[in-house]
């Protein structure tokens, strides 16, 4: 997308060619159906942070009650993204829409569509209608991109924004160099995407800086200035929100660094992984298709130098950090898939008669990877969430207790899945249950709980995860304690408290 040309750049308006509409609208529809369909069909949690770092703080802002993890107690998280989620949750509640969890995931699914649209547009610019379909299907159906499209995880929201900024910057650069059409607005919007990537997850700031430098070097100082104009407002917004909600601007960055690096909390609590962890983890997740993706990305790299170099940089500098989670390098995935799509188009240029079969194989590969690697875990975590959803629908629910048997607790939806005003209690052992404690009416525990407390009525049981919902009384009494779980987490993580 950065082929050289000698034409002088000129300003140009953006138009949508008639032949682009069919793949664009089809791929956007496929993407939306896939994201919302999986969000509803597999309501489970992908990582605990999805709930306890974003949905729960948002519930605190929207309804006044939440489970706050140690990061929030230590002041190393920003309220910027939870503030946005809280606004959506509050609006949905005021409109009488059921299931705030589903509503926010539907909103995020819509917000993830620009990445799919940019895939289609970039493919069209490279290889016309064939490229639009190849790139569009990859952006719409690749399982990692679909799964990330609706989840409240900073790695996914910020990662999609970073990928959008890099791809759009590549398109703007291609228009300026190949067709002589310089469009400042495209560079500004690319910078805006990059700014939100850095603001949502500051760990992506090195990748943002890398992409800015590469695109600025190729496009010139005017384009770099335009991108900086777009980048600064989201970053400034983060500073303002931190200044208003925490102790000082950008506290969620500086204090996070102090706690996790200076106090070494991340390594103590989460441990260290080997340098090549990400390659190993994705090889396990994708299986044999990782070889095809790697070879196609290598073949298509000559047309996607900015995208592939940014992806490699993301993986490289995250590999230097001891604490690794597979989602930390998510921004590299859509960029790698983008480069692989370019490689596939180059092959189809030589063998055009295989275009339709290749599109079918591409879509089937996405579906097979999801069914083999994503669906089993999501089915398990969804069973846990469904038990809590059933609890929330009980008309006589006035308090919910959990018998904390790992890994159930951190795969629940917390207050985010319950009706406002229902307290949650965390019990670490069945022996903690006091028959005289009437603050809760229902308990989530394993199937053996029924033998310990025969009077409890079993409502539903998910055998695959050994988790059941019981009703222990029909009404509640006493003062509800909405902070009991947060206090129990404070005791567990006292070592992480701010020493000041």
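Evaluate the distance, in nm, between pseudo-label points positioned 7 Å from the Cα of residue 429 and of residue 236 along their respective Cα→Cβ axes.
So the label points at residue 429 and residue 236 sit 5.6 nm apart.
Nearest 10 degrees, 0 to 90: what angle lies between the long axis of helix 100-111 and the longest principal axis of the chain (Cα atoms)?
10
So if I restrict to the alpha-carbon atoms in segment 343-495, what is the Rg, and what is Dmax, the biggest pairwise distance, in Å?
Reported Rg and Dmax, both Å: 22.4, 77.
If we count other beta carbons within 10 Å of each Cβ, what is the order of 302, 324, fewest first? Write down the numbers at each step before the final one.
Numbers: 302 14, 324 20.
Ascending number of Cβ neighbours within 10 Å: 302, 324.
So how much slack lies between residue 29 and residue 457, counting 0.36 nm per residue of separation and subtracting their Cα-Cα distance, in nm? Don't skip to the answer; put the middle values down first.
Details: separation 428, 0.36 × 428 = 154.08 nm, distance 4.43 nm.
Difference between extended and current length: 149.6 nm.
Kindly work out what percent of the DSSP beta bridges joining two residues of the chain are antiparallel, to the nearest 5. Provide the component values of the computation, followed by the final result.
Numbers: 9 of 18 bridges.
Once the DSSP bridges in the chain are tallied, antiparallel ones form about 50 percent.
Once you sort the root eigenvalues of the Cα gyration tensor of segment 200-306 as a ≥ b ≥ c, which label holds: rounded (a/c under 1.5), prolate (a/b larger than b/c) or oblate (the other case)? Provide the component values of the computation, followed by the final result.
On the way: a/c = 3.01, a/b = 1.17, b/c = 2.59.
It comes out oblate by the Cα gyration axes.
Compute and list, largest first, the equivalent-ellipsoid semi-axes of segment 104-227 from the alpha carbon gyration tensor, each √(5λ) rounded to a whole angstrom. Kindly include the intermediate steps, with their values, before the conclusion.
Details: eigenvalues 108, 77, 20 Å².
Here the semi-axes work out to 23, 20, 10 Å.
Nearest 500 deg cm²/dmol is fine: what mean residue ellipticity at 222 nm does the chain get from its DSSP H runs of n ≥ 4 alone, each adding -39,500 (n - 2.57), divided by its residue count? Show your work: numbers first, answer last.
Working: 21 runs with 296 residues, N = 500.
My calculation for the chain gives -19000 deg cm²/dmol from helical runs alone.
Compute the convex hull volume of the Cα atoms of segment 180-243, divide it by the residue count, and report the result per residue in Å³ as a whole number. It would help to have the intermediate numbers written out before the result.
Details: hull volume 4.3 nm³, N = 64.
So the per-residue Cα hull volume is 67 Å³.
With r as the distance between the Cβ atoms of residue 364 and residue 110 and R0 = 30 Å, compute the FRET efficiency 1/(1 + (r/R0)^6) and round to 0.05.
Numbers: r = 26 Å, r/R0 = 0.87.
That gives a FRET efficiency of 0.70.
Scale the Cα Rg of the chain by the rule-of-thumb value 2.2 N^0.38 Å and send over the ratio, two decimals.
Numbers: Rg = 24.2 Å, N = 500, 2.2 N^0.38 = 23.3 Å.
Its radius of gyration relative to the 2.2 N^0.38 Å reference: 1.04.
Cα centroid distance between segment 435-468 and segment 296-365, in Å?
With segment 435-468 and segment 296-365 each reduced to a Cα centre, they are spaced 47 Å.
Extension gain residue 390-residue 276, at 0.36 nm per residue separation less the Cα-Cα distance, in nm?
Details: separation 114, 0.36 × 114 = 41.04 nm, distance 4.16 nm.
Value of the extension gain: 36.9 nm.
What ranking of 38, 424 emerges when the number of other C-beta atoms within 10 Å of each C-beta is taken as an exposure proxy, fewest first? Please list the in-between numbers first.
On the way: 38 22, 424 25.
Final ranking by Cβ density, sparse to dense: 38, 424.
Please arrange 483, 362 by counting, for each residue, the other beta carbons lying within 10 Å of its beta carbon, fewest first.
Fewest-to-most Cβ neighbours within 10 Å comes out as 483, 362.
Each reported figure results from applying straightforward, stated rules to the coordinates on display, with no laboratory input. All of these numbers come straight from a predicted model, not from anything done at the bench. Positions of Cβ are backbone-derived with ideal geometry, glycine not excepted, and every protein chain shown enters the neighbour counts.
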